[in-house]
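Okay, structure first, notes after.
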Amino acid sequence: MAPVRKDNAFQAKGRRTAEEGQAMEEQKKMGKKRMANVELLRICSMLMIVLMHLLNHGKVLETVEKGSVSYYLTWTIFGISFVSISCYILISGYFLCEASFSFVRLLRLEGQVWFYSAALFIAAAVVLRQPLDMSSLIAAVFPILSCEYWFVTMYAGMLILSPFLNKLLLGLSRKQFRLLLGFLFVLFSLWPNVFFFSPALNFGGGSGVVWFVTVYLFGAYMKRFYVPDGRTARHFLHFLAAGLLIPASRFVIELLLATPLGKIGFLQDLMWGYSLFYQYNSVLVLAAALLLFIAFLNLEIRPGKLQRLILAAAPLSFGVYLLHDNPNWRGILWEWINPSQMADKWYLVPGVLVLAAGIFLICALLEMLRKTAAGLSGRLRRNKEGGRKQGWLERKALKLDEKLLRENEM
């Protein structure tokens with residue numbers, strides 16, 4: 001009987017290897033073209049980021065009456081929207097894990113960020129009469145190095161590490177990859193949530209590059225091994241159930257702290273910030289983000305006007321972030337819009353949703369104008385010079401690519 005069990009084991013292992021190979025081949029074919037379903041998730045993620053900023057920076061969360069219907073609705077929307085950052089990183093891991101790194105990509109990111117940082121700094125100085133102190137000037141000139149936009153700084157760090165991560169992942173089997181993700185999950189999500197009173201590994205929480213790399217690897221795993229099963233509605237229901245656990249955790253903690261147990265000193269740390277589970281690296285947020293990502297991978301968007309609109313709008317999303325969350329204008333923006341005036345009104349929920357969509361649309365149009373102007377100036381320069389001529393920075397970036405990356409087969 002033993003040889004039979006051994007043969008069955010070899011057959012099972014062979015089937016698993018074949019399934020992994022099939023999954024990787026299918027995903028490679030999908031990765032050759034932009035996927036409208038994933039690009040739609042990119043748009044939805046940025047809409048949720050705008051919505052979070054509206055509720056937080058717009059002081060809606062602190063204005064609504066505690067215990068009211070508005071209180072529970074706004075904190076629910078805010079909690080579900082917490083998946084947005086992780087979804088953005090998952091998308092990056094999904095596409096970049098099989099892409100060749102280039103310093104040109106990093107240069108273009110720096111160029112876009114620098115344009116908005118410098119332009120909005122000058123506009124703030126001229127229009128708002130803001131004082132020109134040295135720290136603000138340095139932040140505007142070096143936005144990524146100064147962490148003017150924290151997300152961009154962490155994203156750039158992840159981008160630089162991505163070719164080395166991709167090389168390491170090539171040698172991992174599916175089982176080894178799962179083991180790696182399991183360790184990362186325990187170290188950087190489960191541990192900080194369970195032993196919330198401990199400093200854990202002090203990796204910067206969900207706002208640090210360590211967590212960005214962790215989520216990147218989850219996205220890379222989905223690219224290599226996940227094959228959509230077409231059960232879209234079921235996956236969206238799974239996400240909704242997981243997403244609702246985020247605000248539910250806050251409400252349960254509030255109830256717990258209102259009991260005699262709330263007098264226990266360290267339990268008060270459960271409500272640190274928005275709450276223990278309102279963190280980008282929380283178990284609930286990670287689970288909900290993965291389930292939403294899976295749901296969109298299973299979403300089929302057929303060729304047509306809708307698909308073309310999504311593919312045209314998605315690249316504008318990053319510009320929406322750079323515009324509406326610029327530190328020189330953010331306070332003025334939310335003070336002018338003043339969404340907190342809708343607190344405890346019957347139209348609060350539709351009001352904040354419409355406002356977030358409006359902010360997204362206006363910023364997307366401005367980003368489209370910027371891209372159009374940049375493209376037009378580039379075409380005029382090429383026509384004048386009789387062809388495309390690489391700029392000094394681009395030539396240096398390409399030389400770095402050749403020297404540091406191509407010679408090392410990165």
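The values are calculated or read from the model by the stated rules, or taken from the named source; none is laboratory data. These figures come from a predicted structure and were not determined experimentally. Note that we place each Cβ from the backbone using ideal geometry, even for glycine, and neighbour counts take in every protein chain shown. Ligands, DNA and RNA are excluded from the accessible area calculation, which covers all protein heavy atoms including side chains. Shrake-Rupley method; radii C 1.70, N 1.55, O 1.52, S 1.80 Å.
Let's see how each residue does on (1) assigned to a helix (DSSP H, G or I); (2) open to solvent by less than 30 Å² (accessible area, probe 1.4 Å):
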site	(1), (2)
MET158	yes, yes
PRO163	yes, yes
LEU180	yes, no
SER189	yes, yes
PHE197	no, no
PHE212	yes, yes
LEU217	yes, yes
GLY230	no, no
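Consider SER173 carefully, then state whether it is open to solvent by less than 60 Å² (accessible area, probe 1.4 Å), at pLDDT 90 or above, at negative phi and out of contact with any strand residue (DSSP E or B) (no Cβ under 8 Å at 6 or more places or on another chain). So SER173 fits the description; yes. Selection over the stretch 270-297 of residues that are open to solvent by 20 Å² or more (accessible area, probe 1.4 Å) and under 17 Å from the mean Cα position of the chain (by Cα) gives a count of 8. Among residues that are in contact with a Leu (Cβ under 9 Å, 6 or more places away or on another chain) and among the small types (Gly, Ala, Ser), SER84 is included.
Where helices (runs of 4 or more DSSP H) sit wholly within the stretch 299-375, those with at least 2 residues that are among the basic types (Lys, Arg) occupy 305-313.
Listed by first and then second residue, the pairs linking a residue in the stretch 214-236 that is closer than 11 Å to GLY93 by Cα to a residue that is open to solvent by 30 Å² or more (accessible area, probe 1.4 Å) and small (Gly, Ala, Ser), with Cβ atoms under 7 Å apart and 6 or more places separating them unless they lie on different chains, are LYS223/GLY31.
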